[in-house]
Every structure is written in C-alpha cells, then in structure tokens.
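The values are calculated or read from the model by the stated rules, or taken from the named source; none is laboratory data. Quantities reported herein were computed from a predicted structural model and do not represent experimental measurements. With ideal geometry, Cβ positions are generated from the backbone for all residues, glycine too; neighbour counts draw on all protein chains shown. Heavy atoms of the whole protein, side chains included, go into the accessibility calculation; ligands, DNA and RNA do not. Shrake-Rupley method; radii C 1.70, N 1.55, O 1.52, S 1.80 Å.
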Amino acid sequence: MLEECLENVRKVHPLIHCITNYVTVNDVANILLATGASPIMADAVEEAAEITAICSALIINIGTLNSLTIPAMFAAGKKAAALYHPIVLDPVGAGASGLRTKTALELMETIPFSVIRGNISEIKTLAAGFGSTRGVDADISDAVTDENLTESISFINDFAQRHSCIVAVSGAIDLVSDGTVCYVIRNGCREMGLITGTGCQLSALTAAFAAANPRSMIEAVAAAVCTMGLAGEIARSHLLPEEGNLTLRNRIIDSVYTMNAAVFSSGVSYEIVR
C-alpha cells in the first residue's frame, strides 16, 4: 500500500505551496521535483491566498519567521482550509524562542492542520504550550528509543487525537500516528542529522504525498517518512571515503528521484502499532 502512495505522487504531479525556511528553500524545491511534485514559493501576504488557491496542498514551515511572513502563513492557511486542501505544519525550533512557540500555537488554534511534523522536542513544546529546544534540533533527552517506545507512542497518539490531525515525529525512530494507528519507522541514517534541511524536505514531501493520496492520509504520511529515510540510507551507501555531508545532501535528492515501487518495497522498515 505505501509504495502506491509514492507512485501516486508521480502520477498526479501535485503543485505544493511552500511557505518555508529560507535556509533550505532550494532543497525543498528540488526534492519536490525529484518525487514528481512541483513547488511554488510565495510568502508575501498580498498573494499568499491567491497562490494557495491554485495549489493542491500547503506547507507552513516556521524556520525563518519574520513580521512579513507570519500574516502570509495565516492567510494561506485559511484559504487552504476553505478549499479542504491538506495543510502541513513544520514547527521548526518551537521552544527555542517565544516568537516561534507563540506563532506555532496560534497557527494551530486558527488553522485545521492535516499533519504536524517535527522532532519530538518540538511536538512536546506544542503539547505543553511552552518548552526549550536546542535551536532546531531535538533535545537528546527527548529522543524516541526502544526503551521508551511504548510511552512515546502513547504520547503521540494522544496529541494526534486532541488536535484531530496526523502527527509525524522524526528521529532515530520515526513515529506517524492518527491517534489510533501508529507507524513505527526505522529507516534513515545518522548522517542525515549533519545536513541542514532534511526535516524541511520531509515536510514538503509529506504535503505532496498527502495531496496525491487524500483518501489514505496516514498511509501517505508514513510513505513520505519512509521515502525520506530510505533515500538517506541509499545515499549513505553510495558515499566514497572522501565524500561528506554536501555530497550526501545531493544524493538524497537523487535517491528520491530514482526511487520506484520495487526499491521502496524492498527497503522500507516499519511496523504498525494499534
């Protein structure tokens, strides 16, 4: 089933409105193109709603907030909600500053997000209404491990139920929950954490997969997470001794571009917990 979600993105070619992180905007655009989707970046409030109206899904990433982009996020989110488009929130660095935390919480109060995708520290900040993170990175004490897996699944399921959305948590072990079913995904590699923007790229992929699979939303989100993690594994396996994180970044995008259903099916590693 999950491999069909990847194939559907390539068939549908959804157009994704990305209000995203200036640090990673180029990689976000390229990974969407690699999967068969198309990106459009518009963060001026004067056109945000208009652009949203011609797209199939919206991603709101708060990684580089400023006074001009915040109103655009609300305008685009309200338009996407009115059109029943999938909307993804990436609360980058929530907990690192008052502005980030306040903006993320206000967005959640105003916009019916289909998916919230972040690291475990960011999600815990949203759950509590406050928090502290290491910039955009998860606190090591928050990491999802085999030792706290049952507790982590319970927390994510509860968060998803309370906010009526799908929650995707990234880490060494990835979790995707709709409040009832939780995918426990074990793809990816440590080196992905040495590249700026893999989370931003995953959020964009999540929007594309959701747009192409509107009737199978949790499967779509799980497939996006698996695709990104598997692409990282494949990219890492091709690195030469003298190559590093810059080459890995490029090869992750290449691995998404060349991934097909057979590669996906043979490489993904997940279990479903109900």
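Scanning the range 88-100 for residues that are out of contact with any Leu (no Cβ under 8 Å at 6 or more places or on another chain) and in contact (Cβ under 8 Å) with a residue 24 or more places away in the chain returns Asp90, Val92, Gly93, Gly95, Ala96. Taking first residues from the range 228-251 that are of a type in the set (S, T, N, Q) and partners that are at pLDDT below 95, the Cβ contacts under 7 Å between residues at least 6 apart in sequence or on separate chains come to Asn245/Glu191; Asn245/Leu194; Asn245/Ile195; Thr247/Leu239.
Exactly one residue out of Val221, Val176, Val225, Val184 is touching a Leu at 6+ places or on another chain (Cβ under 8 Å), closer than 18 Å to Phe113 by Cβ and either buried (at least 21 other Cβ atoms within 10 Å of the Cβ) or in contact (Cβ under 8 Å) with a residue 40 or more places away in the chain (or both): that is Val225. Being open to solvent by 60 Å² or more (accessible area, probe 1.4 Å) and either on the phi < 0 side of the Ramachandran plot or of a type outside the set (A, V, I, L, M, F, W, C) (or both) is the requirement here; does Glu109 meet it? Against the criterion (open to solvent by 60 Å² or more (accessible area, probe 1.4 Å) and either on the phi < 0 side of the Ramachandran plot or of a type outside the set (A, V, I, L, M, F, W, C) (or both)), Glu109 qualifies.
Rundown of residues vs (1) under 19 Å from Ile60 (Cα atoms); (2) in contact with a Gly (Cβ under 7 Å, 6 or more places away or on another chain); (3) of a type outside the set (A, V, I, L, M, F, W, C), yes/no style:
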{"site": "Thr150", "(1), (2), (3)": "no, no, yes"}
{"site": "Val167", "(1), (2), (3)": "yes, no, no"}
{"site": "Ser170", "(1), (2), (3)": "yes, yes, yes"}
{"site": "Cys182", "(1), (2), (3)": "no, no, no"}
{"site": "Met192", "(1), (2), (3)": "no, yes, no"}
{"site": "Leu202", "(1), (2), (3)": "yes, no, no"}
{"site": "Thr206", "(1), (2), (3)": "yes, no, yes"}
{"site": "Val221", "(1), (2), (3)": "yes, no, no"}
{"site": "Ala224", "(1), (2), (3)": "yes, no, no"}
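Looking for whichever is over 21 Å from Ile173 (Cβ atoms), open to solvent by 30 Å² or more (accessible area, probe 1.4 Å) and of a type in the set (D, E, K, R) here; the options are Arg236, Arg251, Arg274. Which one fits? Break it down stepwise before answering.
Numbers: Arg236 fails: over 21 Å from Ile173 (Cβ atoms); Arg274 fails: over 21 Å from Ile173 (Cβ atoms).
Of Arg236, Arg251, Arg274, the one residue that is over 21 Å from Ile173 (Cβ atoms), open to solvent by 30 Å² or more (accessible area, probe 1.4 Å) and of a type in the set (D, E, K, R) is Arg251.
Here Leu246 fulfils each of the conditions (1) assigned to a loop (DSSP other than H, G, I, E, B); (2) aliphatic (A, V, I, L, M); (3) open to solvent by 70 Å² or more (accessible area, probe 1.4 Å) apart from (1).
Would a scan of the range 85-95 turn up a residue that is over 30 Å from Thr145 (Cβ atoms), over 19 Å from the mean Cα position of the chain (by Cα) and at pLDDT 95 or above? Give the derivation first.
Filtering the range 85-95 for residues over 30 Å from Thr145 (Cβ atoms) gives 85-87.
Checking the rest, the ones that are also over 19 Å from the mean Cα position of the chain (by Cα) come to none.
No: the range 85-95 contains no residue that is over 30 Å from Thr145 (Cβ atoms), over 19 Å from the mean Cα position of the chain (by Cα) and at pLDDT 95 or above.
Taken over the range 37-54, residues that are touching a residue at least 60 places away in the same chain (Cβ under 8 Å) and open to solvent by 10 Å² or more (accessible area, probe 1.4 Å) amount to 1.
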